[in-house]
């Protein structure tokens, strides 16, 4: 066999290996009800849930609590179907968490609490004021 054929086979095998590894870690988007159903059926994969932080009439975040270890924290998230759920995150609060418009929590249910392993934020654009000033 030519060395170029061997190199091509190695590259293809590596690409297939990467696809198999990343596909095994893929998670799905769901509501809290769907995530709870999956957990009840024994599904232990990570689930993405999109929602907004619970706020009072004045726009202040409600239900935000520091953990006993002063690193972790919990909060109440309202998913797109309107269900409120307490979410536990065992890491420090992400920057701009309090200003986020939408929150994506990635994790799974442990009993009645959704435990997030990762949090993704959609924050208001810091360039929004600059864009408005440029149009004036």
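Bear in mind these aren't lab numbers, they're just calculated from the coordinates by the rules spelled out. Bear in mind that the values here come from a model prediction, so they are computed numbers and not experimental data. Positions of Cβ are backbone-derived with ideal geometry, glycine not excepted, and every protein chain shown enters the neighbour counts.
Some points to look at:
- Inter-probe distance in nm under a simple model that places probes 7 Å from Cα toward Cβ, at residue 40 and residue 1: 5.2 nm
- By the count of other C-beta atoms within 10 Å, a proxy for reagent exposure, 18, 47 are ordered fewest to most as 18, 47.
- Computed from label points 7 Å out along Cα-Cβ, the spacing between residue 113 and residue 91 is 1.8 nm.
- Residue 81 paired with residue 62, simple spin-label distance in nm, labels 7 Å along Cα-to-beta-carbon: 2.2 nm
- Using distinct alpha-carbon pairs, which all enter the 1/r mean, Kirkwood radius of the stretch 27-135 in Å: 14.8 Å
- At an R0 of 35 angstrom, the distance between the Cβ atoms of residue 19 and residue 70 translates into a FRET efficiency of 0.30.
- Listed from fewest to most Cβ neighbours within 10 Å, the set 54, 102 follows the order 102, 54.
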